[in-house]
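First up is the structure itself, then whatever we jot down about it.
The values are calculated or read from the model by the stated rules, or taken from the named source; none is laboratory data. Worth saying up front: this structure is predicted, and the values here are computed from it rather than measured. Glycine also receives a Cβ, built like all others from the backbone with ideal geometry; neighbour counts cover every protein chain displayed. Areas reflect the complete protein model, heavy atoms only, side chains present, ligands, DNA and RNA absent. Shrake-Rupley method; radii C 1.70, N 1.55, O 1.52, S 1.80 Å.
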Amino acid sequence: MIALGELLGLCWHLAILSLMAIGGGLIMIAPEVHQYVVTEGRWITSEQFAAVFAIAQTAPGPNLLFISLVGWLIAGWAGAIGVTAAVIVPSTILTFLIARYSANAADSRFYRALRDGFAPISVGLMSGTGWLFMQVSNESWRADVLTVLSVLLVVKTKINPVFLILVGAIAGMAQWV
């Protein structure tokens with residue numbers, strides 16, 4: 001368990017990050033969360049981080065669940081509740097403010113530029129998240145090949161990603177990767 005001051009610092013850090021989680025929620029800034037809780041704080045391992053991320057992605061509900069699990073691993077229920085609130089409250093307030101503004105200015109040049117600018121940022125953040133988890137999770141070149149093939153299939157086809165997760169799980173259990 002971490003000290004209260006460290007938990008409050010983590011909550012503050014996540015509150016600031018939540019304001020940058022544009023286009024896909026906190027999953028977009030997972031590399032920064034990983035850096036803070038694994039590399040800097042050393043509160044959990046990369047393997048634990050990857051595991052809670054994977055659990056959250058396969059569980060029904062919002063992608064935000066992974067941050068609640070990280071908080072729980074670090075500081076129990078207080079950590080889970082604290083980090084979840086730190087992520088939800090600032091971004092919810094920002095969303096309401098933007099929605100209010102956009103209703104009045106949807107055709108303005110500023111609003112269009114803002115909206116169009118978030119697309120490449122989202123792609124870059126999502127790519128960074130994928131790269132991080134590929135480095136943390138993949139233990140062989142075969143796993144890297146399977147990851148790249150999965151990305152190509154998702155991008156180029158309409159195949160359900162759950163099927164690819166199942167294939168990856170089977171490959172891992174059979175120790176093919």
- Query: Put +1 on the Cβ of each Lys and Arg and -1 on the Cβ of each Asp and Glu in the chain; which of A85, T45, A103 then has its Cα farthest toward the positive end of the dipole?
  - Reply: A103
- Query: Out of these labelled values of P(r) over Cα pairs in 10 Å bins from 0, in percent, [x] 10, 31, 33, 17, 7, 2, 0; [y] 7, 19, 16, 10, 8, 11, 15, 10, 3, 1, 0; [z] 9, 32, 32, 21, 6, 0, which was calculated from the coordinates shown here?
  - Reply: [z]
- Message: Let's test the formula: R0 of 35 Å, r as the Cβ-Cβ distance of A99 and K156. What FRET efficiency results, to the nearest 0.05?
- Response: 0.55
- Kindly provide the pair-distance distribution of the stretch 124-177 built from C-alpha pairs, with 10 Å bins from 0 and whole-percent values in order of increasing distance. 23, 57, 20, 0
- Message: Using protein chains only and a probe of 1.4 angstrom, how many square angstrom of I121 are accessible, to the nearest 10?
- Response: 80 Å²
- Report the label-to-label distance for R42 and L8 in nanometres (one decimal), using points 7 Å from each Cα along the Cα→Cβ vector. 2.4 nm
- Item | Surface share of carbon and sulfur [accessible, 1.4 angstrom probe, percent] for the stretch 4-115 | 68 percent
- For the stretch 103-177 versus the stretch 24-73, the gap between their alpha-carbon centres in whole angstrom: 16 Å
- Message: In whole percent, and with a 1.4 Å probe on the protein chains, what portion of the accessible area of the stretch 119-169 is carbon and sulfur?
- Response: 74 percent
- Accessible area per residue, 1.4 Å probe, Å², for the chain: what's the number? 62 Å²
- Task: Beta carbons within 10 angstrom, averaged per residue: use that to sort the peptides 99-105, 53-59, highest first.
- Result: 53-59, 99-105
